[in-house]
Amino acid sequence: MDETAPSGAPTPAHTLAARGLTLGYDGREVVHGIDIEVPPGRITAIVGPNACGKSTLLRGLSRLLAPEAGEVLLDGRDIRSQRTRDVATVLGLLPQNPTAPDGVSVADLIGRGRYPHQGWFRRWSAADDAAVADAMLATAVTDLADRPIDELSGGQRQRVWIAMALAQETDILLLDEPTTFLDVSHQIEVLDLLLDLNRQRGTTIVMVLHDLNMACRYADHLVAMRDGLIVAEGAPENVVTTELVSRVFGIGSLVTADPVTGDRMVVPMGRHHRGVEE
């Protein structure tokens, strides 16, 4: 995909970057002093093998995890120096394994995405109702509105969490594996929805994906990680090569054109298929 701004989309108002960012848990360093600048108004996919630091990086960018060194900059200012409510009106996050209070309904959970827009003197409004209704319609969960979250399937729950993130109506949206628990048809629906959100509203989207081919198809900007470092980044057509797949994932592959979209497509090769390479 072209990394220029989408035609007709609003100009992004907010920026997100990190400088010398080091992150870890209990004294164990996971992300090692990286620099990253998220392209405003574009879709960025972070890819890499398990335990390479993808989710940790997203947690650091969202202010959920304090840096051991370096800083995250929202609009050029250290994100940790800014008020939580102010950050939440600009930046939304769908974590990998979100949890909801027992017994909470779908509509109630999605409505909580509007909390950052509430204030001492601002009550629930027609705009809040509209944002929740639009989010439920976009994620096809309207008919589940009165159901308790804990009665839903894994795929239904994932769509409800995405709806809550959409209802927050932030300019920047971070998603950690948003297609988890979804069958292939719902994976496509969710990624199409995020693409629509980006193209129509100019929302900056950063998502961790395991499926490299989906990342190539939907992302404008790709960040490939291994061992807590950024190995390569840029437009998928400039980044994804057989050498990169081997370096990042440790497997042989054939990189070709997607017959549907023309984007890069990776055909992985197991040890029983090495003859194909010869």
Fill in the blank from the handout: Of L222, L93, ordered by accessible area with the largest first and a 1.4 Å probe, the sequence is L93, L222
Exercise for the section: Which order do the peptides 166-176, 238-248 take when ranked by the mean count of other beta-carbon atoms within 10 Å per residue, highest first? Expected result: 166-176, 238-248
Fill in the blank from the handout: Karplus-derived 3J(HN,Hα) from phi for segment 212-228 (6.51 cos²θ - 1.76 cosθ + 1.60, θ = phi - 60°), whole Hz, x at Gly and Pro, runs 5, 5, 5, 4, 5, 6, 9, 8, 8, 9, 10, 10, 9, 10, 7, 6, x
Completion exercise
For segment 61-168, listing chymotrypsin sites (Phe, Trp or Tyr not before Pro) in a DSSP loop whose Cβ sees at most 14 other Cβ atoms within 10 Å gives W120, F121, W124
Problem - Per residue solvent-accessible surface (Å²) - the chain, probe of 1.4 Å - result: 48 Å²
Exercise for the section: Evaluate Rg over Rh across the chain, taking Cα atoms for both radii and Kirkwood's formula for Rh. Expected result: 0.97
Problem - Percent RCO, i.e. relative contact order, over the chain, from Cα pairs under 8 Å lying at least 6 residues apart - result: 25 percent
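The values are calculated or read from the model by the stated rules, or taken from the named source; none is laboratory data. Since the model is a prediction, treat every value here as computed from it, not as a measurement. We place every Cβ from the backbone using ideal geometry, glycine too, and count neighbours over all the protein chains shown. We work out accessible area using only protein heavy atoms, side chains counted, and drop any ligands, DNA or RNA first. Shrake-Rupley method; radii C 1.70, N 1.55, O 1.52, S 1.80 Å.
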